[in-house]
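Structure first, commentary second.
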Amino acid sequence: MSNIRLAIAGVGYIARIHAQAARKLADVELTAVVNHRQETMAAFAAEFDIPRRYETLEALLQDGDVDAVSINTPNFLHAPQSIAALRAGVHVLVEKPMAMNAREAEAMLRTAEETGSLLMVAHCWRFDKEVRWLKQQMDRRAIGRIVRTKGFGVHVNWGPKGWFTQKRLAGGGALADMGIHAIDTARFLLGDPLPLSVYARIGTHYGDFDVDDTGTLIVTWDNGTYSLIESGWWQPHADGPEACTLLYGTCGFARLFPTELTQIETPGGAATRVDPRFPRERSPHCPQAMYDTQMAYFIDCIRQHRTPVPGGREGLINMRIVDAAYESASTGRVVPIQPSP
Ligand SMILES: NC(=O)c1ccc[n+]([C@@H]2O[C@H](COP(=O)([O-])OP(=O)(O)OC[C@H]3O[C@@H](n4cnc5c(N)ncnc54)[C@H](O)[C@@H]3O)[C@@H](O)[C@H]2O)c1
């Protein structure tokens with residue numbers, strides 16, 4: 001089978017991680033790079049030995065000879081770049097949040113369905129080995145029926161700068177950037193239930209920008225569970241690291257980072273601790289291995305021509321929760337979400 005020719009759009013922080021992941025795969029060829037700034041693009045192309053360079057994705061698509069693209073640009077470019085690539089028959093791995101809002105996300109999903117090109121959304125925590133271990137435990141109902149979860153997407157005493165803090169380029173702030181990790185991780189561990197409603201309090205308290213840096217959400221799911229989600233930048237404290245999720249079941253408690261669970265046969269009965277012996281301190285918290293597994297999965301989906309999960313559907317559901325949270329915060333009301341995909 002011939003190599004998969006992969007292009008990288010954007011040459012910033014996460015583009016480098018994806019390029020590192022791709023070059024570990026023997027059947028992937030880093031064929032082109034796209035960036036609006038020549039200088040940084042040239043340095044990136046030299047570092048990863050990428051032969052072709054383009055200032056716009058459209059120019060690359062016109063030239064052709066590319067099978068897939070990894071989109072790592074600011075959020076306002078995710079939808080137009082993904083849609084252009086999908087229409088050109090190029091498979092897409094797009095960073096989270098998949099779009100500025102659910103309306104854009106719907107258009108992306110529709111385009112993938114119409115064209116048959118694959119759309120994957122880089123909800124990376126689904127590829128972390130501790131998250132996957134815990135998912136297996138939840139699938140075998142290790143703590144019974146899950147009653148509620150709590151999860152965090154919070155930066156303590158720091159936050160991003162530049163385009164991340166401008167609404168017209170990013171769509172949203174800490175919720176769209178970090179809270180979405182906690183939302184997706186909770187949803188994954190719960191077996192991908194559909195959201196029914198969101199209540200949120202969201203604000204800006206630590207910076208001079210037009211996006212949020214502080215958020216608390218309650219999401220109710222169609223399986224009867226609910227999730228408390230915290231998002232933040234520049235927070236004075238976080239109860240857990242990025243994507244840390246706590247699950248409270250009828251027969252026990254489970255958590256990520258540190259990852260472990262406690263089983264209790266009956267309320268008040270003896271407790272048994274299950275410790276999978278992952279390192280207590282992760283360094284770095286977001287390991288390259290998680291992104292390597294994610295990239296290998298994307299490439300495998302292309303080879304097998306199967307719809308990736310997380311794909312456009314999972315990304316869209318997360319965007320609906322984010323949109324509903326912003327609406328709830330502005331109206332002060334619980335916002336229902338249509339359960340249909
Ligand atoms: N999954 C994760 O762990 C993770 C981590 C970081 C970022 N991300 C996501 O990846 C995406 C990129 O984030 P990043 O941290 O790499 O950002 P970054 O600022 O480091 O890189 C952004 C890239 O886009 C280019 N760019 C900036 N403004 C542009 C414009 N106006 N037009 C065209 N190109 C422009 C920059 O030149 C740069 O190459 C975001 O959507 C972010 O949410 C995901």
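Bear in mind these aren't lab numbers, they're just calculated from the coordinates by the rules spelled out. Keep in mind that this is a model prediction, so the values were computed, not measured. Glycine also receives a Cβ, built like all others from the backbone with ideal geometry; neighbour counts cover every protein chain displayed.
Modelled spin labels at Arg201 and Asn3, positioned 7 Å past Cα toward Cβ, are 5.5 nm from each other.
Please identify, among His181, His91, His205, the residue showing maximal mean-square fluctuation in a Gaussian network model of the chain using a 10 angstrom Cα cutoff. Answer for the Gaussian network model of the chain: His205.
Rounded if a/c is under 1.5, else prolate if a/b is larger than b/c, else oblate: which is the stretch 87-161, with a ≥ b ≥ c the root eigenvalues of its Cα gyration tensor? Verdict is oblate for the stretch 87-161.
For a modelled paramagnetic label at Arg132, 7 Å from Cα along Cα-to-Cβ, the residues of the stretch 267-291 in reach, with backbone nitrogen under 14 Å, are 287-291.
What residue among Ser197, Ser283, Ser328 has the largest mean-square fluctuation in a Gaussian network model of the chain, using Cα springs under 10 Å? Highest fluctuation among the options: Ser283. Excluding Leu61 itself, calculate the net charge of residues whose Cβ lies under 15 Å from the Cβ of Leu61, where each Lys or Arg counts +1 and each Asp or Glu counts -1. Result for the neighbourhood of Leu61: -1. Shape of the stretch 71-225 from its Cα gyration tensor (a ≥ b ≥ c, root eigenvalues): rounded if a/c is under 1.5, otherwise prolate when a/b > b/c, or oblate? Because a/c hits 1.5 or more and a/b fails to exceed b/c, the stretch 71-225 counts as oblate. Shape of the chain from the C-alpha gyration tensor: prolate (a/c of 1.5 or more and a/b above b/c, with a ≥ b ≥ c the square roots of its eigenvalues).
Here's the picture: charge each Lys and Arg Cβ at +1 and each Asp and Glu Cβ at -1 in the chain, and of Ser283, Gly224, Val334 the one pushed furthest to the positive end of that dipole is Gly224. Picking from Pro287, Pro160, Pro279, which is most flexible by a Gaussian network model of the chain using Cα springs under 10 Å? Taking springs between Cα atoms under 10 Å, the residue moving most is Pro279. Hey, how many Å between the Cα centroid of the stretch 151-204 and the Cα centroid of the stretch 22-73? Each part's Cα centre sits 29 Å from the other's.
Between Glu39 and Arg277, how high is the FRET efficiency from 1/(1 + (r/R0)^6) when r is the Cβ-Cβ distance and R₀ = 35 Å? Nearest 0.05. E between Glu39 and Arg277, to the nearest 0.05, is 0.15.
The residues Thr245, Thr31, Thr307, when put in order of fewest to most other Cβ atoms within 10 Å, stand as Thr307, Thr31, Thr245. Remark: for residue pairs Lys129/Lys167; Lys96/Lys150; Lys24/Lys129; Lys24/Lys161; Lys96/Lys129, the C-alpha separation exceeds 29 Å in Lys129/Lys167; Lys24/Lys161.
Calculate the length of the line joining the C-alpha centroid of the stretch 225-258 to that of the stretch 114-133, in whole Å. The stretch 225-258 and the stretch 114-133 have Cα centres separated by 21 Å. DSSP beta bridges fully contained in the chain are about 55 percent antiparallel. In the stretch 1-89, what % of DSSP beta bridges are antiparallel (nearest 5)? Bridges in the stretch 1-89 that DSSP calls antiparallel: roughly 0 percent.
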